[in-house]
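Trainee: Pasting in a structure now, in structure tokens, and then I'll have a few things to ask.
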Amino acid sequence: MSSTIEAKIKKIKLLIFDIDGVLADGSIILGSGGGEYKIFDVQDGLGITLARRAGLKVGIITGRKSEAVERRASELKIDAIYQSAFIKIRAFRRMLAELNVNEEAVCYVGDDLLDIPVMKRAGFAVAVPAAREEVINLADYVTLAPGGKGAVREVVELILKTQGRYSETVQELLKETEEQPEEV
């Protein structure tokens, strides 16, 4: 990893993810009753938990609106979520103001054309392997794992390891989840 990329990563305080193609696999399943279903990766979810435990803030900006996204964001205790954000740069500016974070402290992960304006402003821009060519060309980093199948976890681990917080965060989590003797 170049020293420039490492320097960018060390400044990150907020991770923002697109949904379709990044946090979910990009499939949109429409139910006959009007419901929308998405597939999320459980390891990505634990990655977000690790990020939050390490003190990073996490946000979502998506062009679509979905109850499934709202539910998943609630389960993961996401700090800020903007749905129906076709013009994502507006949501990005509002989120930064809401969370009191500057652009250089943001990692943004996207995959399609609507993500480009935000990627241009974020301190560390990340694309997934199936992203559009224009998105990949802007990215500081392209994940090895596909969107919705480990890309988010990969980004979280990269950031925490580069910031020197991965091992400590994992050890705290494991200590908390170790079997304790039952009270009699």
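Trainee: Consider the stretch 1-29. How many of its residues are touching a residue at least 40 places away in the same chain (Cβ under 8 Å), under 17 Å from residue 119 (Cβ atoms) and not in a loop (DSSP other than H, G, I, E, B)?
Mentor: Residues flagged as touching a residue at least 40 places away in the same chain (Cβ under 8 Å), under 17 Å from residue 119 (Cβ atoms) and not in a loop (DSSP other than H, G, I, E, B) within the stretch 1-29 amount to 8.
Trainee: Could you say whether any residue in the stretch 57-80 is assigned to a strand (DSSP E or B), hydroxyl-bearing (Ser, Thr, Tyr), more than 21 Å from residue 129 (Cα to Cα) and under 17 Å from the mean Cα position of the chain (by Cα)?
Mentor: no
Trainee: When the stretch 127-184 is examined, which residues are found to be outside any loop (DSSP other than H, G, I, E, B), under 20 Å from residue 13 (Cβ atoms) and of a type outside the set (A, V, I, L, M)?
Mentor: Scanning the stretch 127-184 gives 141, 153, 154, 157, 161, 162, 166, 167, 168, 169, 172.
Trainee: Keeping to the stretch 88-102, report how many residues are surrounded by 19 or more Cβ atoms within 10 Å (Cβ to Cβ) and either in a helix (DSSP H, G or I) or over 16 Å from the mean Cα position of the chain (by Cα) (or both).
Mentor: Number of matching residues: 5.
Trainee: Yes or no: residue 85 over 12 Å from residue 23 (Cβ atoms), of a type in the set (Gly, Ala, Ser), surrounded by fewer than 19 Cβ atoms within 10 Å (Cβ to Cβ) and free of Cβ contacts under 8 Å to residues at least 60 places away in the same chain?
Mentor: no
Where a number appears in this text, it was derived from the coordinates with a stated rule and is not lab data. Everything quoted here is computed from the prediction, not taken from an experiment. A quick note on method: Cβ atoms are made from the backbone with ideal geometry, for glycine too, and the neighbour counts reach across all protein chains shown.
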